[in-house]
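Presented below is the structure to which this report refers.
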Amino acid sequence: MEGSVGYDNDLNLKATELRLGLPGTEPVSIVRRNKRSLQQVADDDCGVNGCKSDDQNETAPPPPKTQIVGWPPIRSYRKNNIQTKKNESEGGGIYVKVSMDGAPYLRKIDLKVYSGYPELLQAIENMFKFTIGEYSEREGYKGSDYAPTYEDKDGDWMLVGDVPWEMFITSCKRLRIMKGSEARGLGRGISIDVSFTERYHQLGFSKEIFLASIDSHLRDSMDWESF
Amino acid sequence: SSRRSSFPDEVLERVLSLLKSHRDRSSVSLVCKDWYNAERWSRTHVFIGNCYSVSPEIVARRFPKIRSVTLKGKPRFSDFNLVPENWGADIHAWLVVFAAKYPFLEELRLKRMAISDESLEFLAVSFPNFKALSLLSCDGFSTNGLAAIATHCKNLTELDIQENGIDDKGGSWLSCFPESFTSLEVLNFANLSSDINFDALERLVGRCKSMRVLKLNRSVSLEQLQRLLVNAPQLAELGTGSFSEELTFRQYVELESALSNCKNMHTLSGLWDAKGIYLPALYPVCTHLTFLNLSYAALRSDELAKLLAHCPRLKRLWVLDTVEDKGLEAVGLNCPLLEELRVFPADPFDEEIIHGVTEAGFVAVSFGCPGLHYVLYFCRQMTNAAVATIVQNCPDFTHFRLCIMNPGQPDYITNEPMDEAFGAVVKTCTKLQRLSVSGLLTDLTFEYIGRYAKNLETLSVAFAGSSDWGMQCVMGGCSKLRKLEIRDCPFGNAALLSGLEKYESMRSLWMSACNVTMNGCRLLAREMPRLNVEVMKEDGSDDSQADKVYVYRSIAGPRRDAPPSVLTL
């Protein structure tokens, strides 16, 4: 079957069409923005063989600038839920330098990308290809030669993990992975409920949960002092 | 045959009452007059796919014993704001007839209908046995209407409010369930945003011992969730509230423990703003999960991968494209039983985003999940070769909905149209029932569809095709076609009229922003009196253009409730 305009010719629809203008004048065809590009491409005969000519690039779909009504086809309900989420996460990143003792150059990371200490430490471990030890309130990072530290707003060097995450990312100016004896010296003097960590280990929870719970536990604990 | 059937009517009715599928019932009713009558007296559930195809009076006359009604109203493109606000599909006229003819009505399921608070109140007081109300993608009502339902429906088992345009005036409606009320089995209010009275909810859940589906809204916190779960370990489907507040260690342990007690749970959703760090609390539930809906949780690929490692039995998965191709690789690796995948875009309107998923993610899933038969995939790039590989791996597709988000975009590697991709789909997937196409497409795509997609029932087309020939191929070739929706395509009157003989066997046709004219529509209306041909005009458009055309078969004649912007020809 031919692709023809048979119906139009048989019924002479054009002749009976009502339109404004003098008889004998041709109507301006209404071509929508997107279809114009499609017509042009179709005219270039891009079938199975495709078009390899340079013309192809010029007749590629125009870059979408204005939003098309109802496209992409997503229900309003879903759109609204996505948008509220986007508004919440607006704002620039918090970029800080990260140095590691012995490494030839520094790196930079965006603290806003992480939701807590475990992700941050994981990222730093991956970045510098080393392992950070187990964190404990009493002894700092045990089990490796490295300790993650940061310089806070007052210019003091602090052990990463001591303060709640939200406070950390707003006060951290730069990070430094300390190595060796200097690292081992950075334990905490404040004692906390030992049974907390013991209970934690008994239950067999992962390092990630443990580290995250440090924040909350500090808030619960009576011994907590604001810095 | 001259011998009368020795089958008493009562026996025939009893046998036919076991038939549930409405298609089987339609077939049965065509056998002979006796069977027609037996069928109509034994039918208790009626499904009406287009509320304007029939009138409530006609339905009530034919089926005297209906207890459950499913009604669908507006054309599907109304979900994307293409249908004017006051278009119609109002439920009220139906309720008035039902109140008179079906006083024992138990269930009402509505999709894309307009329903007012007055109608909800009328419903609540008119049907003493009313049990189940499900509203999907409806609009016109507020939480006051829900309050009426909660107050008056003493036997309610199901209240399912999904994705509606609801006027949320506050959460007090939930407190309207009387303290003596215990029958609720399904409660889904995830749609609503305002705070509900948590104490009232806690008491409600506590006393409804048969509750198996509970889908909370975003205002319910993790801590509150834990309290609810402690009293409802029998839940089979759970939609959490917000999954992101700071938990103490003790709270986390308690939540995890409450979840692990839910041994029947097979469906999980909600998880708004899910924090990766709390997802491990879900692991005990994940082992039995068959449906996981993460489409409101913007997870990263590593977060998804860790979670899916615990979900070996997953059959249906909905995610946001924040999981990227790497996340989809994890799907392929961990979920061999997967049958349905939906990937929604987190930032559909931001052109600067270069993330999301590509053809690589889809291909990875296809290698790992050979049983995949339903996919909805939003992406920013695709290739013909990738789609060919995908359907080779998964030949059993029944629903293939691919949305390449930039309209008219070609294969990004070869720069060719995406014709061969959809050609591969229709050639390989012989069971294909539903297809949505996208990308740069010429008439060749539609030649393929017409030639090969012999089981196709629903086709959605946007920004595609080169000429009338494309649509003519579809109308001529797809014998089982029931719903066709087209927007922004160069199909004109010839195409429209090529389906003249087909439209009566279809539910409906939608064409908007195509090249159809008023005269073409008038001709169609004249030739086919049993079709309703409706045109929606847009402000400021040319008088001769038919901007939006909606054609559907009807035994109720032209509708009388059309607003001025809708012309029935």
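The values are calculated or read from the model by the stated rules, or taken from the named source; none is laboratory data. Worth saying up front: this structure is predicted, and the values here are computed from it rather than measured. Cβ placement follows ideal geometry from the backbone for every residue including glycine, while neighbour counts extend to all protein chains displayed. All accessible areas refer to the heavy atoms of the entire protein, side chains included, with ligands and DNA or RNA removed. Shrake-Rupley method; radii C 1.70, N 1.55, O 1.52, S 1.80 Å.
Side notes on the structure shown:
- Residue selected from the stretch B:200-236 under the condition among the charged types (D, E, K, R) and at pLDDT below 95, by the criterion nearest to B:L136 (Cα to Cα): B:R218
- Scope the stretch B:321-345; condition touching a Ser or Thr at 6+ places or on another chain (Cβ under 6 Å) and assigned to a strand (DSSP E or B); matching residues: B:F344
- The stretch B:374-385, residues that are within 26 Å of B:F349 (Cα to Cα) and either surrounded by fewer than 20 Cβ atoms within 10 Å (Cβ to Cβ) or within 14 Å of chain A (Cβ to nearest Cβ) (or both): B:Y374, B:L376, B:Y377, B:F378, B:C379, B:R380, B:Q381, B:M382, B:T383, B:N384
- Residues of the stretch B:170-185 that are over 18 Å from B:F104 (Cα atoms) and surrounded by fewer than 20 Cβ atoms within 10 Å (Cβ to Cβ): B:G170, B:S172, B:S175, B:C176, B:P178, B:E179, B:S180, B:F181, B:T182, B:E185.
- Residues in the stretch B:25-64 that are among the polar types (S, T, N, Q) and under 18 Å from B:A99 (Cβ atoms): B:T44, B:S55.
- Residue satisfying all of: in the stretch B:532-547; in contact (Cβ under 8 Å) with a residue 12 or more places away in the chain and within 11 Å of chain A (Cβ to nearest Cβ); most open to solvent (accessible area, probe 1.4 Å) among these: B:D543
- Residue within the stretch B:356-365 that is in contact with a Leu (Cβ under 7 Å, 6 or more places away or on another chain) and not in a helix (DSSP H, G or I) present: yes
- Output for the stretch B:201-215, where each listed residue is touching a strand residue (DSSP E or B) at 6+ places or on another chain (Cβ under 9 Å), in a loop (DSSP other than H, G, I, E, B) and basic (K, R): B:R212
Here is a yes/no grid of residues against (1) in the same structural domain as B:P103 (by the TED database); (2) part of a helix (DSSP H, G or I); (3) in contact (Cβ under 8 Å) with a residue 40 or more places away in the chain:
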| position | (1), (2), (3) |
| --- | --- |
| B:K20 | no, no, no |
| B:N50 | no, no, yes |
| B:E57 | no, yes, yes |
| B:K65 | no, no, no |
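- Residues that are among the hydrophobic types (A, V, I, L, M, F, W, C) and open to solvent by 10 Å² or more (accessible area, probe 1.4 Å) within the stretch B:495-510 comprise just one, B:L500.
- Filtered residues of the stretch A:134-169 (kept if open to solvent by less than 10 Å² (accessible area, probe 1.4 Å) and of a type in the set (D, E)): A:E137
- Residues of the stretch B:170-193 that turn out to be assigned to a loop (DSSP other than H, G, I, E, B), away from every other protein chain (no Cβ under 14 Å) and of a type outside the set (A, V, I, L, M), as a count: 9
- The residues of the stretch B:520-531 that are surrounded by fewer than 21 Cβ atoms within 10 Å (Cβ to Cβ) and in a helix (DSSP H, G or I), listed by number, are B:R522, B:A525, B:R526, B:E527.
- Elements of type helices (runs of 4 or more DSSP H) in the stretch A:38-137, at least 3 residues being modelled with pLDDT of 50 or more: A:76-88, A:117-128
- If the condition is being without any contact (Cβ under 8 Å) to a residue 60 or more places away in the chain and either under 21 Å from B:L444 (Cβ atoms) or surrounded by 23 or more Cβ atoms within 10 Å (Cβ to Cβ) (or both), then the stretch B:478-494 contributes B:C478, B:S479, B:L481, B:L484, B:I486, B:C489, B:P490, B:F491, B:G492, B:N493, B:A494.
- From B:G371, B:G356, residue being over 15 Å from B:F422 (Cα atoms), touching an Asp or Glu at 6+ places or on another chain (Cβ under 7 Å), open to solvent by less than 40 Å² (accessible area, probe 1.4 Å) and away from chain A (no Cβ under 13 Å): B:G371
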